[in-house]
Amino acid sequence: MKELIKTFYSGFREQDAEKMISCYHDDVIFEDPAFGKLKATDAKKMWTMLCKNAQDLTIEFSDIKATDQHGSAHWEAHYTFSKTGRKVHNKIDAQFEFKDGKIIKHTDHFNLHRWASQAIGWKGKLLGGTSFFKKKLQQQTNRLLVKFQE
């Protein structure tokens, strides 16, 4: 399963959404602070959208661990946040569950307040740690995902 995780992040580094999606089970559930919980097609479309819209994205991954049922990895993304033109360095810890040789559950954990401070600036620093900000961000990212799918 370590190779599956490596393939997934190699796909992201190459901005190859199809390679990433091939690692996901049809019934995958993805969750992170920015998008909330996404199921199956929505999770797959999110990676397609992120790869297609990426600006100067670099991905590094390390500390991959896996058994037949569970896995984890640390990954870091460096990119320019398109809405503000600000540079972001996001540090993420991922947890995985596997079924039928694929990723069935993928949960990314990162400091949303730190991310918001980098991506948005002083407003992010002020509001990025609040549940209000998290809810608004998830609404916005999900609207972008719906628009991308149309």
Charge context of residue 92, other residues only, Cβ under 10 angstrom, K/R +1, D/E -1: -3
Give me the log10 of I(q) over I(0) for region 28-73 at q = 0.21, 0.24, 0.32 Å⁻¹, as the Debye formula computes it from C-alpha points; what are the numbers? -0.97, -1.07, -1.03
Per the 1.4 Å probe, what fraction of the accessible area of the chain, in percent, lies on carbon and sulfur atoms? 50 percent
If you look at just the Cα atoms of the chain, how large are its Rg and its Dmax in Å? 14.9, 45
Can you check how the C-alpha radius of gyration of region 80-150 compares to 2.2 N^0.38 Å, as a plain ratio? 1.31
Averaging sequence separations of C-alpha pairs under 8 Å and six or more residues apart, then dividing by the length of region 38-99, give the relative contact order as a whole percent. 27 percent
Kindly flag which residue pairs out of 45/87; 99/123; 19/87 have an alpha-carbon separation exceeding 32 Å in this structure. 99/123
Note to self, the chain gives a 222 nm [θ] from helices alone (DSSP H runs n ≥ 4, -39500 (n - 2.57) apiece, / all residues, nearest 500) of -13000 deg cm²/dmol
With label points set 7 Å from each Cα along the Cα-to-Cβ direction at residue 147 and residue 67, the distance between them in nm comes to 4.4 nm
Tally Lys and Arg at +1 and Asp and Glu at -1 over the other residues with C-beta under 14 Å from the C-beta of residue 26: what net charge comes out? +3
Per residue accessible area in Å² of region 71-144, where ligands, DNA and RNA are left out and the probe is 1.4 Å: 56 Å²
Once phi is turned into θ = phi - 60°, what whole-Hz ³J(HN,Hα) does the Karplus curve with 6.51, -1.76 and 1.60 give for every residue of region 134-150, x standing for Gly and Pro? 4, 5, 5, 4, 5, 4, 5, 5, 6, 5, 4, 5, 4, 4, 5, 6, 6
Scattering curve values for region 74-118, log₁₀ I(q)/I(0), Debye with Cα scatterers, q = 0.15, 0.16, 0.17 Å⁻¹: -0.49, -0.54, -0.58
Test of understanding: in a Gaussian network model of the chain with alpha carbons linked when under 10 Å, which of 12, 132, 96 would top the mean-square fluctuation ranking? 132
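The values are calculated or read from the model by the stated rules, or taken from the named source; none is laboratory data. Computed from a prediction, not measured in an experiment: that's the story for all the values here. In this analysis, Cβ positions are derived from the backbone assuming ideal geometry, glycine residues included, and neighbour counts consider all displayed protein chains. SASA here: full protein model, heavy atoms, side chains in, ligands and nucleic acids out. Shrake-Rupley method; radii C 1.70, N 1.55, O 1.52, S 1.80 Å.
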